[in-house]
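Novice: Let me begin by handing over the structure; questions about it come next.
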Amino acid sequence: MSRQQSQKVATAVITLIALIVILPIIFVIGFLVYNGIGAISWEFLSQPPRNGMTEGGLLPAILGTIFLTLGTAVAAIPLGIGAAIYLAEYASDNRLTRTIRLAIVNLAGIPPSFTACLAWARLCCFSTLAPPSWLAR
């Protein structure tokens, strides 16, 4: 088998595997949109919950997400830019800066949700803090 043929076979196999992975995701999203689009209205998006959170809307959750994102950006952007400038312009090449650069490269390649799971496991499972009660069920 020539190099071009093996490349075509590999491309076809990878494409098939990608479709096998993506199609269930598309199906679930389509199912949720099809069955849930009727519940979305302006009242649902713009009203706070009422009657013991069994009726009403999502306004506090939407605003909380926006404020949390803005607050995080206000804190993280200047810190990140300052650290980048320091590392690129002023920091000497020593073991600490090499370790920091390695950590930056590694964190850039790992999904944030996986990093959060590792941090949560470190905090809850390997410390004196007890895990949440819902986890013990």
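Novice: Kindly list the number of the only condition in (1) surrounded by 10 or more Cβ atoms within 10 Å (Cβ to Cβ); (2) more than 26 Å from the chain's Cα centre (by Cα) that fails for residue 88.
Specialist: The failed condition is (1).
Novice: For region 1-87, please list each of the helices (runs of 4 or more DSSP H) lying entirely inside it that holds at least 2 residues being among the small types (Gly, Ala, Ser).
Specialist: 3-36, 59-85
Novice: State yes or no: is residue 98 among the basic types (Lys, Arg), modelled with pLDDT of 90 or more and farther than 30 Å from residue 45 by Cβ?
Specialist: Considered against the rule, which asks whether it is among the basic types (Lys, Arg), modelled with pLDDT of 90 or more and farther than 30 Å from residue 45 by Cβ, residue 98 comes out as yes.
Novice: If the requirement is being farther than 30 Å from residue 102 by Cα, under 21 Å from the mean Cα position of the chain (by Cα) and either of a type in the set (A, V, I, L, M, F, W, C) or surrounded by 10 or more Cβ atoms within 10 Å (Cβ to Cβ) (or both), which of these qualifies: 37, 17, 77, 26?
Specialist: Just a single option satisfies the conditions, and that option is 26.
Novice: Give the residue, chosen from 58, 63, 102, that is surrounded by 10 or more Cβ atoms within 10 Å (Cβ to Cβ) and under 23 Å from residue 115 (Cα atoms).
Specialist: None of the other options fit; the residue is 102.
The values are calculated or read from the model by the stated rules, or taken from the named source; none is laboratory data. What you see is a predicted model, and the numbers here were worked out from it, not measured in a lab. When we count neighbours, we look across all protein chains shown, and the Cβ atoms used for this are built from the backbone with ideal geometry, even at glycine.
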